[in-house]
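What follows is one structure encoded as structure tokens, with my remarks underneath.
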Amino acid sequence: MEFDVGGGKKIQLDFPEFKPQMVLIGFAVVGLLVGALTSIYTVQADEEGVVLRFGKYQSTQSPGLHFKLPFFIDKVEKVEVLRQMKQEFGFGTGGNTNRFQYAGDSEQEQEKEMVTGDLNAARVEWVIQYRITEPKDYLFEVRNADTTLRNASESVMREVVGDRTVDEVITIGRQDIERESLEKLKVLVKKYKLGISINQIQLKNVKPPREVEESFNEVNRAEQEKSTAVNVANGEYNQKVPKAAGVAQQDISRAEGYATKRVNEAEGDAARFEALLKAYQQAPEVTRRRMYLETMQKVMPLLERKIIMDEEGTQVLPLMQLNQGGIQR
């Protein structure tokens with residue numbers, strides 16, 4: 001075939017002859033490639049694969065390399081069964097990968113507003129943690145398991161909070177609310193066959209309505225100060241009263257010991273006097289001499305210098321050595 005390019009010049013182009021068998025071979029090669037690519041799939045270590053054939057459930061596959069019918073006859077839904085997920089109510093944490101983790105801003109305000117059993121209002125924020133344990137139930141038993149879980153959790157929390165007073169909800173009843181909510185939500189999840197396991201429910205911020213929040217906080221501060229003062233007083237009491245009781249008991253024991261000692265000494269002196277009297281009555285002269293000697297034995301060691309003189313001695317003074325400790329004759 002010739003083409004005129006101007007200036008009297010022509011170009012001759014030769015096109016290859018059309019061959020239908022080449023087209024068929026091309027389609028066959030493309031089909032083989034598509035079939036190979038659509039028949040092999042991999043399930044990650046934290047996943048399980050749910051195989052669907054024309055939209056109908058076929059099997060659940062464990063992690064690893066697997067084969068399925070090609071050309072999109074089989075479709076695989078991969079579910080993360082080992083991932084710990086959570087849903088937040090009344091607030092939202094940014095940067096999450098679970099699109100069901102929290103609701104919009106307007107819905108968050110509605111979620112946290114609750115009525116207690118004594119017809120007071122409270123703002124309750126909480127978190128649930130869960131895992132997918134049955135991928136088949138999670139995908140097919142309900143239209144949207146995550147949305148159903150949010151609705152069930154909110155329903156259970158409103159029921160539990162509605163059975164308690166505002167003081168219990170805000171102060172002393174938090175652990176009971178968490179425990180009871182967890183039990184009730186587990187029952188609902190099992191009843192609805194969500195294929196989900198609830199691990200924990202945790203209350204976050206629990207506050208009174210904004211209009212009375214400041215007043216409520218002042219009451220709480222006053223109660224805390226009162227509790228602190230009582231604890232300090234009890235500590236002082238527990239420190240000083242036992243100490244005083246111990247000192248008193250020590251004084252009593254010391255007095256009782258002294259009294260016992262005095263009584264025993266008095267009884268001993270009386271017994272010794274009676275024995276001495278009896279001996280004196282039997283031998284007066286010997287007893288007097290023994291008493292004299294015993295008394296001298298006690299007195300003499302107390303004297304620093306001892307001078308013993310003979311009554312008949314004369315001219316003693318020139319012979320005395322006053323620097324000596326004592327002179328005996």
Quiz prompt | Options Glu88, Glu178: the member that is surrounded by fewer than 19 Cβ atoms within 10 Å (Cβ to Cβ) and either touching a Phe, Trp or Tyr at 6+ places or on another chain (Cβ under 6 Å) or in the same structural domain as Pro208 (by TED's automatic domain parsing) (or both) | solution = Glu178
Quiz item: surrounded by 14 or more Cβ atoms within 10 Å (Cβ to Cβ) and either of a type in the set (A, V, I, L, M, F, W, C) or touching a residue at least 60 places away in the same chain (Cβ under 8 Å) (or both), is that true of Val161?
Solution: yes
Quiz item: Within the group Glu141, Glu113, which residue is at pLDDT 90 or above, under 16 Å from Ser197 (Cα atoms) and surrounded by fewer than 16 Cβ atoms within 10 Å (Cβ to Cβ)?
Solution: Glu141
Self-check item: Qualifying residues in region 164-175 (those that are in contact (Cβ under 8 Å) with a residue 40 or more places away in the chain and crowded, with 20+ Cβ neighbours inside 10 Å) - the one farthest from the chain's Cα centre (by Cα)
Solution: Val166
Practice problem: Taking only region 27-54 into account, find how many residues are within 11 Å of Leu69 (Cα to Cα) and among the charged types (D, E, K, R). | Solution: 1
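Taking the stated definitions as given, is Val81 among the aliphatic types (A, V, I, L, M), surrounded by 15 or more Cβ atoms within 10 Å (Cβ to Cβ) and either at negative phi or modelled with pLDDT of 90 or more (or both)?
Considered against the rule, which asks whether it is among the aliphatic types (A, V, I, L, M), surrounded by 15 or more Cβ atoms within 10 Å (Cβ to Cβ) and either at negative phi or modelled with pLDDT of 90 or more (or both), Val81 comes out as yes.
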Exercise. Examine region 212-228 for a residue that is touching a helix residue (DSSP H, G or I) at 6+ places or on another chain (Cβ under 9 Å), surrounded by fewer than 14 Cβ atoms within 10 Å (Cβ to Cβ), over 22 Å from Phe89 (Cβ atoms) and not acidic (Asp, Glu), and state whether such a residue exists.
Key: yes
Practice problem: Answer yes or no: is there a residue in region 66-73 that is among the basic types (Lys, Arg), surrounded by 14 or more Cβ atoms within 10 Å (Cβ to Cβ) and not assigned by TED's automatic domain parsing to the domain that holds Glu168. | Solution: yes
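Would you please name the residue that is farthest from Gln202 (Cα to Cα), looking only at residues in region 42-66 that are part of a loop (DSSP other than H, G, I, E, B) and either touching a residue at least 60 places away in the same chain (Cβ under 8 Å) or not small (Gly, Ala, Ser) (or both)?
Only one residue fits best here, namely Phe54.
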Exercise. Please enumerate the residues belonging to region 218-241 that are at pLDDT 85 or above and closer than 20 Å to Pro208 by Cβ.
Key: Glu225, Lys226, Ser227
Self-check item: strands (runs of 3 or more DSSP E) fully within region 110-225 counting 2 or more residues that are of a type in the set (Phe, Trp, Tyr) and at negative phi
Solution: 121-132
Quiz item: For Leu69, all conditions in the list (1) in contact (Cβ under 8 Å) with a residue 12 or more places away in the chain; (2) touching a strand residue (DSSP E or B) at 6+ places or on another chain (Cβ under 6 Å); (3) over 25 Å from Glu183 (Cβ atoms) hold save one; what is the number of the exception?
Solution: (2)
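The values are calculated or read from the model by the stated rules, or taken from the named source; none is laboratory data. A quick note: this is a predicted structure, and the numbers were derived from the prediction, not measured. Cβ sites come from the backbone with ideal geometry, for glycine too, and all protein chains shown count toward neighbours.
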